[in-house]
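The values are calculated or read from the model by the stated rules, or taken from the named source; none is laboratory data. All values reported here derive from a predicted model rather than from experimental measurement. For the accessible areas, the whole protein counts, side chains as well, though only heavy atoms, and no ligand, DNA or RNA atoms are used. Shrake-Rupley method; radii C 1.70, N 1.55, O 1.52, S 1.80 Å.
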Amino acid sequence: VRMVVASPDPAEKDTLFALTQGGIEKSTDGGANWFTIASPDCCLSDLALSPAYASDQTVFVTANTGRVYSSTDGGSSWTGVDALRGDPRHLAFSPDYPTDQTVCHGGGWNDWIYCSTDGGATWTQTDTGLPGWFGDAGTGILFSPDYSSDATMFIASVAGVARSETGASDKRSESRYE
């Protein structure tokens, strides 16, 4: 098992997804029973659930083949798009995803993140301000709990931590690294 993700919504607290070598497993009874759901790709690297999973049933996965997939029916069917660069991973949803439709992912390098403000239909590349020469370390993303009012995101990698107060739709982040 590579990772287990629980629904962030208390209304679906017993829903779990496990990303495994063989694909995706799902449980709707708190892990007592698991079933395999159709995997959209052979080489999945990350999985994330919408903060409103109970109502929107939105799941995103990334693949080392350079694709980002989304499902709005709890993983029964998938829609995929080519990532803008490299191997997408480190998915993060805005806490207000149901309203702003913002989802982002990092990649194997540190200098860019990729964000969508339309539920994954289109993506923009955003400069993190971090140096990209640390190799295949990856870039993690964290949205402020008050993202809808402060537009603050944190981007972390082995190169440091960057902070953007310009939101995911701006192509240039105001960043610093340590």
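Data for the structure
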{"item": "Accessible surface of the chain [probe 1.4 Å, protein heavy atoms]: carbon and sulfur percent", "result": "50 percent"}
{"item": "Whole-number accessible area per residue in Å² for the chain, which is evaluated in the context of all protein chains at 1.4 Å", "result": "46 Å²"}
{"item": "Reciprocal of mean inverse Cα separation for the chain (Kirkwood radius, Å)", "result": "16.3 Å"}
{"item": "Kirkwood-based shape ratio for the stretch 43-113, expressed as Rg/Rh from alpha carbons", "result": "0.96"}
